[in-house]
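I have placed the structure first, in the form of structure tokens, so that the comments after it can refer back to it.
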Amino acid sequence: MESLALLSAKPGLSPRTGLRLPLPRLRAPRASLSPACSSRLPALQSPLLASRVPSSQDAILGYGLLKRRTSSRGGVSCSAAAAPAAVPQPPAQPEAKKFLGVGLPTLKKIIPLGLMFFCILFNYTILRDTKDVLVVTAKGSSAEIIPFLKTWVNLPMAIGFMLVYSKLSDVLSREALFYTVIFPFIAFFGLFGFVLYPLRDVIHPTGLADKLLAALGPSFLGPVAILRIWSFCLFYVMAELWGSVVVSVLFWGFANQITTVDEAKEFYPLFGLGANIALIFSGRTVKYFSNLRKTMGPGIDGWEVSLKGMMGIVVLLGLVITSIYWGVNKLVLNDPSLPKSDHRKKKNKPKLSMKESMKVLVSSKYVRDLATLVVAYGISINLVEVTWKSKLKAQFPSPNEYSSFMGDFSTATGIATFTMMLLGRIIFQKFGWGVAAMITPTVLLLTGVGFFSLILFGQPLTPMLATMGMTPLLAAVYVGALQNIFSKSAKYSLFDPCKEMAYIPLDGDMKLKGKAAIDVVCNPLGKSGGALIQQFLILIFGSLANSTPYLGGILLIIVLAWLRAASSLDKQFSSLAKEDLRKEKSAKETVEPPLLKEPEAATDILVEHTNGTVASETTGTESSPSNSSPIQ
């Protein structure tokens, strides 16, 4: 009823509006409320307001609150200043402690993730080197088995695993799913090293495989070898799945769940560098265990001893990985001070059928050139790698010698990749996209010519190579190793960034559809294309050695097509990028900068609402209270 009584002080105001007392407003920099201003405060209140005793409701609603109004001319307004005693402010949160400029709550997540990633990739390098030794150097097998193994065993098992994983993800919690997937891997590798490999002569159907090979002919050496050494092939597939499942699905899925976007931008590149450090150390580990044979007496299977040592490390680090995962979930993620991850709904990526993907590829020359890069890379790497491994077995027929060389190969790959990742940014900045895109196929072309020339025409070079302590076969092994080292390091430092940058100038629709088309058609075609070509040639010419000249010719054609597509794509990429810059520049020029105008004179008014609270409002004129414009 106090507000109704105050209406007589100013006719024309409705009970809904309340009493409005105009206050002259001085625009000045922010300053504290002066004593003079405080002394005039009671005069601004109505008699009834001044006579009221503040209640608890008034404290909550802001009884008698006055804000400080500022302007550019200096001086202080008394229109609305806060009474801190009425509404106590919450205590300021202490700033999180930092180490090397990084908050300790963030480090609680990043350090365990880094250790997990190191252990996972350390294991993967050991498994990757060991799987090649097993299937290539086994009795009755050779490098010819690899293309058949990838196509007819690895691919179906990978598809089957993903189907099972999708079903399990619907019924299990995130933590239970992680343990359910990783423990079978750990158990299998331990079982293989200590049970299956020692019993290999008992569990492998050698007699049946000999009869099949005699009936089918030497061209079917690869398919028959899958049956002959089935446990080794199973190890090969499980090692491949460790890379795709444990690294890509389990680790990166967990990392993306618990890290924020800002943390990912800052630390994910460091994970890439740490991966190459793991590659270096694991390569040294493989070489150490491979050389144990030299310290043993006759009659001891040195490779079996080496295999047990390496599988023991894989099992131990697997348990370390699960322990870190358990600790992060139980001890770290329950910390309330931890920065929460950003769970934003992703845009739906278009899922194109094979027919729709082909239409997208055919409709755009830009996308066709980009697809050529992806397919050419996959086929080229596969063609050279399998041929190189066949020569590697000829040079190092013993499993220990083969494994020792692969240890050096992994170490060199880690060093080269680490260096290339540091140089990649400089190459992009100094020479641009076109040069960066041309480097990978150019070096593959040069090393490919050298590799196949040493295989096909190495005999005339024998005297010259002998002066350097090498044979044509050993020289071919070293040149092939250089080619494989560079191809793996260039993939992460140059090829992948070039591929992703090429999508940027495309319009939104083509960017999404083009990427989806390349994922559906080109990635599988690049990975399996080389294996299918090798299988076809092996079945026609009888062996991988007889197919070598044709593989060299196919590699030359593919790399030249790769270079042509990269050159064409560079021109289109530059044109689209320049067009985007012109549009951006013209858009900025057409937008006039906002004019800084002097604000109109405003009036601060003190309003008493019908609920007994007092608030401040700003109006452009006294007669138009609806034209309020609060100053920020």
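Close amide H contacts of Ile229 (hydrogens built in the peptide plane, cut-off under 5 Å, sequence separation of 5 or more or a different chain): none are found.
Extent along the principal axes, Cα only, for the range 103-336: 68, 45, 27 Å, with the longest axis given first. Here the extension length gained between Gln459 and Ser231 equals 78.2 nm, from 0.36 nm per residue of separation less the Cα-Cα distance. Local charge for Gly414 was computed over the other residues whose Cβ lies under 15 Å away, with Lys and Arg +1 and Asp and Glu -1, and equals +3.
3J(HN,Hα) along the range 567-574, derived from phi through the Karplus expression 6.51 cos²θ - 1.76 cosθ + 1.60 where θ = phi - 60°, amounts to 5, 5, 5, 4, 5, 5, 4, 5 Hz, with x in place of Gly and Pro.
Could you sort out which of Lys265/Lys513; Lys109/Lys513; Lys294/Lys389; Lys139/Lys491; Lys211/Lys488; Lys150/Lys515 sit more than 32 Å apart by Cα distance in this structure? In this structure, Lys109/Lys513; Lys139/Lys491; Lys211/Lys488 exceed 32 Å between Cα atoms.
Length gained on full extension, Ala577 to Ser398: 59.1 nm, using 0.36 nm per residue less the C-alpha separation.
Residues whose amide H falls under 5 Å from that of Leu506, counting only those 5 or more places apart or on a different chain, are absent, with hydrogens built in the peptide plane. Phi-derived couplings, Karplus 6.51 cos²θ - 1.76 cosθ + 1.60 at θ = phi - 60°, listed residue by residue for the range 235-243: 4, 4, 5, 5, 5, 5, 5, 4, x Hz, with x used for Gly and Pro. Rounded to whole numbers, the Karplus 3J(HN,Hα) couplings from phi for the range 143-157 are 5, 4, 6, 4, x, 5, 5, 5, 7, 9, 10, 5, 5, x, 5 Hz, using 6.51 cos²θ - 1.76 cosθ + 1.60 with θ = phi - 60°, and x at Gly and Pro.
Cβ-Cβ distance of Asn334 and Arg425, R₀ of 45 Å, FRET efficiency by 1/(1 + (r/R0)^6): the value works out to about 0.70. Give the Debye-formula value of log10 I(q)/I(0) at each listed q (0.10, 0.18 Å⁻¹), with one equal scatterer per alpha carbon of the range 359-580, two decimals each. Log10 I(q)/I(0), no solvent term: -0.50, -1.33.
What FRET efficiency do you get for Lys355 and Thr322 if R0 is 35 Å and r is their Cβ-Cβ distance, rounded to the nearest 0.05? Plugging the Cβ-Cβ distance into 1/(1 + (r/R0)^6) gives 0.20. The listed peptides 473-484, 452-463, ordered by packing as a protection proxy, come out as 473-484, 452-463 (highest mean of other Cβ atoms within 10 Å first). Between Ala264 and Leu473, the contour length at 0.36 nm per residue exceeds the alpha carbon distance by 70.7 nm. For the range 424-463, list residues with backbone N below 14 Å from a point placed 7 Å from the Cα of Leu560 toward its Cβ? Answer for this model: 445-446, 449. Counting only Cα atoms, the size of the range 235-341 along its three principal axes is 61, 26, 25 Å, in decreasing order. Debye calculation, C-alpha points only, no solvent: report log10 I(q)/I(0) for the range 391-446 at q = 0.19, 0.23, 0.26 Å⁻¹, in the same order as the q values. Rounded to two decimals, the profile gives -0.78, -0.91, -1.00. P(r) for the range 100-184, from all Cα pairs and a bin width of 5 Å, is 3, 10, 11, 15, 16, 16, 12, 8, 5, 3, 1, 0 %, short bins first.
Only the coordinates and a few stated rules stand behind these numbers; no lab work does. Keep in mind the model is a prediction, meaning the values are calculated, not measured. Neighbour counts run over all protein chains shown; Cβ positions are idealised from the backbone, glycine included.
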